[in-house]
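Read-outs throughout are calculated quantities, based only on the coordinates presented, and are distinct from any laboratory measurement. Source: prediction; values computed, not measured. Please note: Cβ atoms are built from the backbone with ideal geometry, for glycine as well, and neighbour counts cover all protein chains shown.
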Amino acid sequence: GPAIGGLLGPLGYHVPLLVASGMAALNLVWAALVLEEPPEHVLSGEPQDRAAVLANPLVRKICRANLLFSLAVAQLETVFALLMIARFDYDILGVAVILFAMAVVMGGVQGGGIRALAARFGERTLLHAGAVLMTLSFVAIPFAPSVAILLVPLVVSAVGRGICQPSMLSM
């Protein structure tokens, strides 16, 4: 996402938004038409409608946590570009490079270590640890006096996201 947005940004700030909206719409249509729940994930005897599933307090708690997580990440990615442009005189492509690097770190955590971490510590512990890392990094970001120092909380944030998100979805 950030790489595509950075490449499309010079065409106008509205262009990445329109492309992202179009891609999201295509994903929705594709998912609705093509994706099916694997048979091994369908539990016989369990309620399958959303209202019944959301009656479970743990499911509601995880859904609230996922909403807060999504809002926090969306705000970071939105406000971060404005911070980089205003404070450090970055252009949209420079912002995209940093966001892309964060995505690589997050992907490295998720692809390279989350399974071992989950086996050792469990999803609940990782969810809490990831949330703490993200919170600390979000608090530190506005106070970074230079881009070099700013990279530290950004990496911590990416690691926190890499730990938090799959743990939450697994739960």
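Per-structure values
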read-out: Residue under evaluation V155, criteria (1) within 18 Å of the chain's Cα centre (by Cα); (2) within 21 Å of L68 (Cβ to Cβ); (3) touching a residue at least 12 places away in the same chain (Cβ under 8 Å), criterion not met; value: (2)
read-out: Matching entry among F121, F88 (being farther than 27 Å from L58 by Cα and aromatic (F, W, Y)); value: F88
read-out: Sole residue being in contact with a Gly (Cβ under 9 Å, 6 or more places away or on another chain) and surrounded by fewer than 20 Cβ atoms within 10 Å (Cβ to Cβ), chosen from V104, V132, V152; value: V132
